[in-house]
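The values are calculated or read from the model by the stated rules, or taken from the named source; none is laboratory data. Just so it is clear, the model here is predicted, and its values are computed rather than measured. Note: ideal-geometry Cβ built from the backbone for every residue, glycine included; neighbour counts use all protein chains shown.
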Amino acid sequence: MQILIFISVVCLILSLAVDQRKTFEGIKRGAGMFMNLLPALLTVLILVSVFLYLVPDKTIIKLLGAKSGVIGVAIAAAVGSIALIPAFIAFPLAKILLVKGVSYTVVAVFITTLIMVGVLTLPIEFKYFGKKAAIMRNVLSFFGAIIVGLLIGLFL
Amino acid sequence: MNHKNILKDYFWVILFAIFIIGSLSLSFDPGQKIYANFSQFFLEMITFLPLMFLLVGLFDVWTPKEKIEKHIGHESGIGGTLWVILLATLQAGPLYGAFPVAYMLSHKGASVRNIFIYLGVFSAMKIPMLTFEIGFLGLKFTLLRTLFTLPIFIIIGIIMEKYVGRDFKVRSGTGR
């Protein structure tokens with residue numbers, strides 16, 4: 001985060017120093033894109049907040065801890081694809097699962113689907129990529145994530 | 001944008017705001033907990049996304065299309081792919097922050113393949129996230145995941161280019 005602030009400030013100062021008019025044009029374009037995205041973004045944040053309330057960490061641990069084998073992997077893939085959990089919650093959660101004895105395969109499938117597939121963020125993705133491309137990207141990522149998860153399970 | 005559109009765009013946001021104000025004044029527990037979640041995500045979003053858009057806006061006015069096209073466009077080959085991988089690993093934040101960047105790259109002539117590789121690598125191989133992952137799940141897990149994931153994203157990029165066509169352009173996010 002500090003790096004992003006630093007880079008932004010440096011770029012802004014450099015840009016202002018070279019050409020003020022161009023800089024304001026750039027800021028205007030950036031702000032316009034941000035304002036366009038804002039309603040969809042807030043709606044997704046609301047969805048995620050409600051989701052995390054309905055399905056708290058404890059429920060996820062219970063869901064993923066209960067079953068192993070094919071059913072465990074299927075549950076992990078489903079939860080990982082739908083859930084939108086920030087990395088700073090997801091990795092500690094995965095660690096807890098491993099300590100509880102959940103297999104590496106299940107944890108890996110959960111983490112990879114969580115990272116690569118975003119069902120709740122689809123409304124935002126539609127706005128940029130259209131329905132066709134966004135759905136295809138998520139479907140391919142879903143299968144990719146399962147392959148990666150299973151491979152990690154083979155090696156660990 | 002007229003008032004009718006604003007009302008339509010922010011329909012759920014307004015409904016949610018009413019729900020939260022009601023919950024807070026009536027001490028309705030689920031509402032308070034949902035609000036706590038929301039404010040955490042909102043803070044995360046509002047601290048980084050405006051900066052991201054500032055950089056995208058500046059990038060837009062300063063980079064000539066021909067340069068981007070040459071380095072990561074359709075004729076750029078493996079070198080172009082390496083460039084987008086490098087760019088994506090150096091970033092941070094949730095995936096929705098990568099969409100405006102993807103739009104900008106597409107708008108400046110990046111190839112469809114490279115756009116989707118960029119998105120994949122951004123989602124799964126950002127260095128700030130990897131350091132966090134190593135801390136919790138270990139170096140071996142993280143390395144294996146990264147090694148297996150990268151070729152998958154390159155394959156996804158190639159399939160996506162075939163599927164949507166080489167002329168596909170990412171939209172500006174207005175959806176209209």
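Odds and ends about this structure:
- Selection count, segment B:103-118, where residues are assigned to a helix (DSSP H, G or I) and either at pLDDT below 95 or more than 7 Å from every other protein chain (Cβ to nearest Cβ) (or both): 11
- A:Ile115, sole failed condition from (1) of a type in the set (A, V, I, L, M); (2) over 13 Å from the mean Cα position of the chain (by Cα); (3) under 15 Å from B:Arg145 (Cβ atoms): (2)
- Residue under evaluation B:Leu26, criteria (1) surrounded by 12 or more Cβ atoms within 10 Å (Cβ to Cβ); (2) away from chain A (no Cβ under 14 Å); (3) not aromatic (Phe, Trp, Tyr), criterion not met: (1)
- Residue within segment A:122-129 that is at pLDDT 95 or above and either surrounded by 22 or more Cβ atoms within 10 Å (Cβ to Cβ) or farther than 16 Å from B:Phe153 by Cβ (or both) present: yes
- Check on B:Ala98, touching a helix residue (DSSP H, G or I) at 6+ places or on another chain (Cβ under 7 Å) and within 10 Å of chain A (Cβ to nearest Cβ): yes
- Counting residues in segment A:22-40 that are more than 16 Å from the chain's Cα centre (by Cα) and in the same structural domain as A:Leu120 (by TED's automatic domain parsing) gives zero.
- Checking B:Phe41, B:Phe11, B:Phe16 one by one, the residue that is at pLDDT 95 or above and not assigned by TED's automatic domain parsing to the domain that holds B:Pro94 is B:Phe16 and no other.
- Taking the criterion of being touching a helix residue (DSSP H, G or I) at 6+ places or on another chain (Cβ under 7 Å) and either facing chain B (nearest Cβ under 9 Å) or modelled with pLDDT under 90 (or both), the residues of segment A:13-27 that qualify are A:Ser15, A:Lys22, A:Thr23, A:Glu25, A:Gly26, A:Ile27.
- Any chance A:Ala94 is among the aliphatic types (A, V, I, L, M), closer than 27 Å to B:Leu137 by Cβ and facing chain B (nearest Cβ under 10 Å): yes
- Beta carbons closer than 6 Å, at least 6 apart along the sequence or on distinct chains, pair a first residue in segment A:127-141 that is more than 7 Å from chain B (Cβ to nearest Cβ) with a second that is buried (at least 21 other Cβ atoms within 10 Å of the Cβ) and part of a helix (DSSP H, G or I) for A:Ala134/A:Glu125.
Here's the yes/no breakdown for (1) closer than 25 Å to A:Leu122 by Cα; (2) modelled with pLDDT under 90; (3) touching an Asp or Glu at 6+ places or on another chain (Cβ under 9 Å):
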position	(1), (2), (3)
B:Leu49	yes, yes, no
B:Gly57	yes, no, yes
B:Gly80	no, no, no
B:Leu86	no, no, no
B:Tyr96	yes, yes, yes
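- Only residues that are over 24 Å from B:Pro94 (Cα atoms) and small (Gly, Ala, Ser) were counted in segment B:1-46, giving 5.
- All conditions in (1) assigned by TED's automatic domain parsing to the domain that holds A:Gly118; (2) surrounded by 15 or more Cβ atoms within 10 Å (Cβ to Cβ); (3) under 15 Å from the mean Cα position of the chain (by Cα) hold for A:Ile61, with the sole exception of (3).
- Criterion violated by A:Val79 - all others in (1) within 7 Å of another protein chain (Cβ to nearest Cβ); (2) under 30 Å from A:Lys95 (Cα atoms) satisfied: (1)
- Residues of segment B:121-176 that are among the basic types (Lys, Arg), crowded, with 18+ Cβ neighbours inside 10 Å and in a helix (DSSP H, G or I): B:Arg145 alone.
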